[in-house]
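The values are calculated or read from the model by the stated rules, or taken from the named source; none is laboratory data. What you are looking at is a predicted structure, and each value in this text was computed from that prediction instead of being measured. With ideal geometry, Cβ positions are generated from the backbone for all residues, glycine too; neighbour counts draw on all protein chains shown.
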Amino acid sequence: MTQTPVLQARNLVKRYGSVTAINGADFELRAGEILAVIGDNGAGKSSLIKALSGAVVPDSGEIFMDGQPVRFRTTLDARHHGIETVYQDLAVIPALDIASNVYLGREIRKKGFVGSVLRQLDKAAMRDESMKHLADLKIGIRSAIQSVETLSGGQRQGVAVVRAAAFGKRVIIMDEPTAALGVKESGMVMDLIREIKGRGLPVILISHDMPHVFEVADRIHVHRLGRRAAVVRPQDRSMSEVVALMTGAAEPTEEERAGAL
Amino acid sequence: MTVSPTMAAPISKRKTDFSRVLHQPLLGPLAALILAVIIFSVLSSRFLTPFNVSLILQQSIVVGILAVGQTLIILTAGIDLSIGATAVLGTIMLAKTVGTSGPVVALAATLLICMAVGAINGALVTAFKLPPFIVTLGTFTAVAAATQLFAGSTTYPTQPGVLSFLGTPIRAGGFNITVGVIALILVYAVTWYALTQTAGGKHIYAVGGSPTAARLAGIKTSRTLFSAYLLTGVIAAIAAWAALGRIPTADPNAFQTANLDTITAVVIGGTSLFGGRGSVLGTLIGTLIVGVLRNGLTLIGVDNLYQNIATGVLVIVAVAFDQFARRRTS
């Protein structure tokens, strides 16, 4: 494949005192794909994701977007580059309504004097836009003015995904989006991930749930001991083989080790 | 719009009528206020007269204004124990400096000193991550003592003029209100607008409701918190001015129960002590409930100390209700 990766990292290192959280990790996300990132607890996948979303600044190594080197000092830097992250359970403010949650921190103000001087919010615009985004992702919520706490867990996660999809122009990162959800609601979130892919946005999915990973992922990044151990295609490998790669019980092929697939 | 069957889950199918009442947070306080008014009207023929209603409004001015500041802080999941003492410091500052420097300088100096207390509270809560309860308990003690030292333990009568402007009477029908009542309404209106119609207001709710989620959404949580404390200082200064309009003598021992009364008003008004939910409209109703209760109990001849017991019980009931409502929704 000769296409330039959307998001790429080379040789990232992050140490906390004597603990090495990221130990020379490589990473590659290609256009329009769903890339699952899996790894055992403590393998450092969450540190890697934090480095890619700006929550952690690596000690060394390089990050590229579309082949151009970038530096994320804060999560805002990453957002300015069009990278949005959905966190597993801290994504929304329960007491606020849906529209306020979708536009939290990026509120739309009215035009003219009332907006610029009196700083009045354009609630109607935010409500209508939120409804449009919800409909785009086929989330059936009747009104954007109801508070998020009246929604089911899956619908709440849906609101968080809508926010990410509304503002994430380049990459959507989902950190364990189904960890707190039941089977049916997880299925809804999986549908959302496919919807986002259908719009041409690449998704990084961090998950423990092998069936989910095999269901939606185009490629699987296996993280082990602070670095990328392999990249595999779900159609080439069984779940137990991938678990073996994850725990070090099996060795990847040369191609998989190089991340060339 | 295409609705996939799984996402269109019914939202309120198993909600009882009772929990719907809980989702109308102003209904409970409003019912309590109306009930109190009816009870006192029956118990005392003097209660529902224009004179007495005006009196309740005037008696509610200082606590009512301070309660707006308390609402801002409680919405951020904090509490301010120092706001009453800060206002008293403000009254002494006003009365002491007006003689030497004139009313404009006196008002400016009061605004600055009250904002300074707010800034100290805000800085300790945001920069040092100390719990607001402890921070404001400390500043309350320090400010109360500093006020005594500053006042030299005497009272300062003021001359009619700018300082007593908020006490200027306005007659309308049989009602006899003051400019202070207008100021009270203005403070509520401006704060209501800021909280519900601007991004800054939404951020206060967000920071109080879930600080981590707010930070991840890109809100500068420390800045939001700090501005809430700073604004509370401004509100304390306005309350100090209004206090001299009500009683034209600055007394370092005045308004001893004001701070607890603001917390009572906020909590009775339906704002959650856990932060993130509530409104200044609720606080206005809460202030009126406290005012009606104290006034009505006085009219039917209940001793002051029993009134304190009654408001104390009321706070605990309101907090218990808040706890209960929270458990139902979560």
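A few notes on this one:
- In the range B:169-219, the qualifying residues are those that are surrounded by 15 or more Cβ atoms within 10 Å (Cβ to Cβ), more than 9 Å from chain A (Cβ to nearest Cβ) and not in a helix (DSSP H, G or I), and the one that is modelled with the highest pLDDT is B:THR178.
- Qualifying residue in the range A:17-37 (condition: more than 26 Å from A:ASP218 (Cα to Cα), under 17 Å from the mean Cα position of the chain (by Cα) and buried (at least 17 other Cβ atoms within 10 Å of the Cβ)): no
- Condition broken by A:ILE173, with the remaining ones in (1) at the interface with chain B (Cβ under 8 Å from one of its Cβ atoms); (2) touching a helix residue (DSSP H, G or I) at 6+ places or on another chain (Cβ under 9 Å); (3) touching a residue at least 40 places away in the same chain (Cβ under 8 Å) satisfied: (1)
- Lone unmet requirement of (1) surrounded by 13 or more Cβ atoms within 10 Å (Cβ to Cβ); (2) among the aliphatic types (A, V, I, L, M); (3) over 22 Å from B:THR271 (Cα atoms) for B:LEU305: (1)
- Selection status of A:GLU84, within 13 Å of another protein chain (Cβ to nearest Cβ), in a strand (DSSP E or B), closer than 30 Å to A:GLY24 by Cα and among the charged types (D, E, K, R): yes
- B:LEU273 vs. criteria in contact (Cβ under 8 Å) with a residue 12 or more places away in the chain and either within 14 Å of another protein chain (Cβ to nearest Cβ) or within 20 Å of B:THR76 (Cα to Cα) (or both): yes
- Positions within the range A:123-146 being facing chain B (nearest Cβ under 8 Å), surrounded by fewer than 19 Cβ atoms within 10 Å (Cβ to Cβ) and not basic (Lys, Arg), in sequence order: A:ALA135, A:GLY140, A:GLN146
- Top-ranked residue in the range A:228-261 [being of a type in the set (Val, Ile, Thr) and not in a loop (DSSP other than H, G, I, E, B); ranked as surrounded by the fewest Cβ atoms within 10 Å (Cβ to Cβ)]: A:THR247
- Scan of the range A:218-261 for residues that are hydrophobic (A, V, I, L, M, F, W, C), farther than 17 Å from A:GLU28 by Cα and touching a strand residue (DSSP E or B) at 6+ places or on another chain (Cβ under 6 Å), ordered by number: A:LEU245, A:MET246
- Selection count where residues are free of Cβ contacts under 8 Å to residues at least 60 places away in the same chain, under 24 Å from B:VAL181 (Cβ atoms) and out of contact with any Phe, Trp or Tyr (no Cβ under 9 Å at 6 or more places or on another chain), scope the range B:276-303: 1
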